[in-house]
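Since the structure comes first, as C-alpha cells, the remarks are kept for the end.
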Amino acid sequence: MIDLTVAQIAAIVGGELADISAADAAKLHVTGTVEFDSRKVTSGGLFLALPGARVDGHDHAASAVAAGAVAVLAARPVGVPAIVVAPAEHVDTAAGVLEHDSDGSGAAVLAALAKLAAAVAAELVAGGLTIVGITGSSGKTSTKDLLAAVLSPLGEVIAPPGSFNNELGHPWTVLRATPSTDYLVLELSARHPGNIAALAAIAPPAIGVVLNVGTAHLGEFGSREAIAQTKSELPQAVPRSGVVVLNADDPAVAAMAEVTAARVVRISRNRETDVWAGPVTLDELARPQFTLHAGDVAIDVNLAVHGDHQVSNALCAAAVALECGATAAQVAQALADAGPVSGHRMRVSTRTDGVTVIDDAYNANPDSMRAGLQALAWISASGDAGPGGRRRRSWAVLGEMAELGDDAISEHDRVGRLAVRLDVSRLIVVGTGRSMSAMHQGAVMEGSWGDEVVIVADADAALAVLRAELQPGDVVLVKASNAAGLGALADSLVAESQGDTR
C-alpha cells in the first residue's frame, strides 16, 4: 500500500480515532500490508476487524497490534489504536463475506475498506498504474494467473492469490499495490446484479476482459441472460480511452461490444479475429499447442497449463499483454513458462506409482465440469498405456456444483450422463443430497452398471475406495465446488504412492 498516516486513513474512510490522539495519528504511518487475519499481520500494517464464522476480528485487535499493526480498522473501540467506523445496515455481498454480520460491524469495515482502496487506486493510476479487470462465469483465476505471467516481462505485477474476487478480496488486492507496481490484475465476481459495477468503481479498469457467460450462480441470477447483463457491467465500466477484450466465441460476450465505449479487441479459437488461435492440439497431459495470430504476426505457443478450455484463457491474456506493449515472442515464452499457480485448479501431477491426479477441486459449474471430464478422457486415452499394455483407467471423483438453484438436479444429472458418454471407467459421486443422487442416477440411466458408478457419503469414504482400488497408471479427476471439501482428498492422493496411506 502507499504510505499513509493513521489520520489520513481516518479522513479517507470517515472514521473516528479511538485509543490514539490526533497528534499521534498524524505521525504514525501505515507502511505495511492490510490484513484481516491477525496471524498474517506484519510490522507497519493495518488490521481489519471483521466478524467470522467462529471468531470476531475485534477480539484479536490487541494481538494484531502486538504483532506489528500500526492501527485497527474497526466498528467499535478495541482498546488499541483504532479507526472506528459506524456500524452499517447489512449489505449485499458476494461469497457470503458478511454472513455472520448480525450487528452491521462487518458491513461498516468493508465499506471503509472499499473507500480506502478506491483512494489508493486513484493515486496509483495517476502515477501510471494500469488496472486490468477480468470477469466470466469460469476461468477467471486461471486467466488471472496467465495474465500475471505475460505481463511480468513488462514490469511489476500485483495479482490476487487464489480467487480473491469479492467485496473483501478485491479491495484487499488493490491495497497490495505500491508506487512501484506497473500492472494490477483483478478478478471481479458477482452473485447479484450490480456487484461487478461496485467492484469496478473501487478500481476502475483501463482494460477489461470478459471470458464467457455460463451457468455458475444460476440459482442467484435466475437466468443466463441476467448473468450476461451482470458480466457486461465490466465492459461498461471501462472508459472510452480503454480496451475491452471479448471472447468472440461466446455470443453473449461478443454482444457486449455494443455496451462499451472502449475500443474492443476480439479473441477466438475458431476464426480469424484480432487475436486468434490456429488449429489446437493437445499433448498426452492435455496441454494445448497452437499458433497464436495477432495482425500479421504468427507464433507457435505451447501452454504449460492443462485442458482445451485454457486456449481461450490464454488468448485473452495474450491480447492484454500485446495491448500493453509485449511482443508476440515475449507472450509465447511467458505462456510456455506459466504452469498452474493457484491451488486446486487443473493441477496435474503423476505419482511414483504412475497414477495421474487432476486436482480441480476448488470450483465447479456445469461448464468447468465438462472441461474437466474432457481433460480426464483425453489424458487417460493418450500417452503410454498402463501395465500390460492396458488402457489407462479413468476415475472421476465428483462433488456438488453449488448455487445452481432450480437447475441443480438437471445439471447434476447431465454431468453423470456425460461421464458415461466419455467412457469414464469409474465415477465416484461424493455426497448424499438430491443433486448428487441425480448425478448418480444420471450415470446409471445412461448405461453405467455394476460398480462403475458408486455414491459415497463424504470425501473420506471416496478416498477409502480409491486407496483400495487404484492401480498403477490410473488417471483420477477430483472436482467439485470448494464447499464440498474435496481439496484435502486431492492433496492426499497426490501425496500418496500406491499402498502408502500416510
Review point. Just the Cα atoms of the chain: what Rg and Dmax do they give in Å?
Key: 23.8, 78
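Using the Kirkwood formula on the Cα atoms of region 130-177, what hydrodynamic radius do you get, in angstrom to one decimal?
Working: mean 1/r = 0.0890 Å⁻¹.
Radius from the Kirkwood sum: 11.2 Å.
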Study note, to complete from the structure: Excluding residues fewer than 8 positions from residue 231 in its own chain, the lysines with Cα under 22 Å of it are 140, 144
Review point. On full extension of the chain, what length is gained from residue 263 through residue 201, given 0.36 nm per residue of separation minus the C-alpha to C-alpha distance?
Key: 20.4 nm
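Would you rank 144, 27 by solvent-accessible area, highest first, keeping every protein chain in place and using a 1.4 Å probe?
Values: 144 0, 27 140 Å².
The residues order as 27, 144, largest area first.
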Review point. Can you give me the Cα centroid spacing of region 321-352 and region 205-284 in angstrom?
Key: 20 Å
Review point. In a solvent-free Debye calculation with one equal scatterer on each Cα, what is log10 I(q)/I(0) for region 391-447 at q = 0.14, 0.17, 0.20 Å⁻¹, listed in the order of the q values?
Key: -0.33, -0.47, -0.63
Review point. Which Cα, out of 355, 332, 369, lies furthest along the positive dipole direction of region 330-433 (beta carbon charges, K/R +1, D/E -1)?
Key: 355
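Report, to the nearest whole %, how much of the accessible area of region 301-432 belongs to carbon and sulfur atoms, 1.4 Å probe, protein only.
Details: 2190 of 4650 Å².
Its accessible area is 47 percent carbon and sulfur atoms.
Once the piece of chain linking residue 460 and residue 352 is laid out straight, how much longer is it, given 0.36 nm per residue of separation minus the C-alpha distance between them? Mind dumping the intermediate values first?
On the way: separation 108, 0.36 × 108 = 38.88 nm, distance 2.24 nm.
Gain on extension, residue 460 to residue 352, equals 36.6 nm.
Give a quick list of trypsin sites (Lys or Arg not before Pro) in region 231-339 that DSSP marks as loop, anything other than H, G, I, E or B, with at most 14 other Cβ atoms within 10 Å. The partial results should precede the final answer.
Working: sites: 231, 240, 263, 266, 269, 271; in loops: 240, 269, 271.
Passing both the DSSP loop test and the Cβ count: 240, 271.
Just need the relative contact order of the chain here, percent rounded to a whole number, with Cα pairs under 8 Å and 6+ apart. Intermediate values should be presented prior to the final figure.
Numbers: 1190 pairs, mean separation 51.4, N = 502.
This gives 10 percent for the chain.
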**Study point:** Relative packing of 121-132, 301-312, which averages over residues the other C-beta atoms within 10 Å, highest first
**Key:** 301-312, 121-132
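If you average the sequence gap of Cα pairs under 8 Å that are 6 or more apart and divide by the length of region 251-306, what percent do you get for the contact order?
Numbers: 79 pairs, mean separation 11.7, N = 56.
Taking the mean separation of contacting Cα pairs over the length of region 251-306, I get 21 percent.
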Study note, to complete from the structure: If N is the residue count of region 1-153, its Cα Rg over 2.2 N^0.38 Å rounds to 1.11
Review point. If one takes the longest principal axis of the Cα atoms in the chain, at what angle in degrees, from 0 to 90 and to the nearest 10, does the Cα axis of helix 310-323 lie?
Key: 40 degrees
Point to revise | Loop GluC sites (Glu not before Pro), region 412-502 (other Cβ atoms within 10 Å of the site Cβ: 15 or fewer; DSSP) | key: 452
Check your understanding: In debye to the nearest 20, how big a dipole does the chain give about its Cα centre with +1 on each Lys and Arg Cβ and -1 on each Asp and Glu Cβ?
Key -> 520 debye
**Study point:** Residues of region 264-364: accessible area per residue with a 1.4 Å probe, Å²
**Key:** 39 Å²
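So if R0 is 22 Å, what FRET efficiency would residue 86 and residue 23 give, r being the distance between their Cβ atoms, rounded to the nearest 0.05?
Rounded to the nearest 0.05, the efficiency is 0.40.
Please report, in debye to the nearest 20, how large the charge dipole of region 225-323 is about its Cα centre when each Lys and Arg carries +1 at its beta carbon and each Asp and Glu carries -1 there.
Details: 7 positive and 13 negative charges, 51 e Å.
Its charge dipole is roughly 240 debye.
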Point to revise | Cβ-derived FRET efficiency at R0 30 Å, residue 156 paired with residue 302, nearest 0.05 | key: 0.70
Practice item. Would you work out which of 142, 303, 260 lies farthest towards the positive end of the dipole of the chain? Charges go on Cβ: Lys and Arg +1, Asp and Glu -1. Key: 303
Study note, to complete from the structure: note: region 346-442, Cα-Cα separations exceeding 19 Å make up a percent value of 41 percent
Review point. What list of whole percents do you get for P(r) of region 165-206, with Cα-Cα distances grouped in 5 Å bins up to the one holding the largest distance?
Key: 5, 23, 35, 21, 10, 4, 2
Review point. Where q = 0.14, 0.22, 0.26 Å⁻¹, what log10 of I(q)/I(0) comes from the Debye formula for region 1-49, counting one point per Cα?
Key: -0.33, -0.81, -1.06
Practice item. Would you list which aspartates and glutamates come within 19 Å of residue 27, measuring only between C-alpha atoms, while excluding same-chain residues fewer than 8 positions from it? Key: 3, 16, 19
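Take the solvent-accessible surface of the protein heavy atoms, probe 1.4 Å, and return the percent of it on region 140-286 that carbon and sulfur atoms account for. Write out the running numbers ahead of the final one.
Details: 2620 of 5160 Å².
The C+S portion of the solvent-accessible surface of region 140-286 is 51 percent.
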**Study point:** Accessible-area order (highest first, 1.4 angstrom probe) of the listed residues 407, 360
**Key:** 407, 360
Review point. For all pairs of alpha-carbon atoms in region 219-297, what percent lies in each bin of width 5 Å, listed from the first bin to the last filled one?
Key: 3, 15, 19, 17, 16, 13, 11, 4, 1
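Counting other Cβ atoms within 10 Å, which chymotrypsin sites (Phe, Trp or Tyr not before Pro) in region 353-458 have at most 10 and lie in a DSSP loop?
On the way: sites: 362, 378, 395, 449; in loops: 362, 449.
Of the chymotrypsin sites (Phe, Trp or Tyr not before Pro), the ones in loops of region 353-458 whose Cβ has at most 10 other Cβ atoms within 10 Å are 449.
Restricting to DSSP H runs of at least four residues, report the calculated mean residue ellipticity at 222 nm for the chain, -39500 (n - 2.57) per run over all residues, nearest 500 deg cm²/dmol. Please report the intermediate quantities before stating the final value.
Numbers: 18 runs with 176 residues, N = 502.
The helix contribution divided over the chain gives -10000 deg cm²/dmol.
The values are calculated or read from the model by the stated rules, or taken from the named source; none is laboratory data. Since the model is a prediction, treat every value here as computed from it, not as a measurement. Neighbour counts are summed over all protein chains in view; Cβ atoms, including those assigned to glycine, are modelled from backbone coordinates with ideal geometry. These area figures cover heavy atoms from the full protein model, side chains too; ligands, DNA and RNA do not enter into them. Shrake-Rupley method; radii C 1.70, N 1.55, O 1.52, S 1.80 Å.
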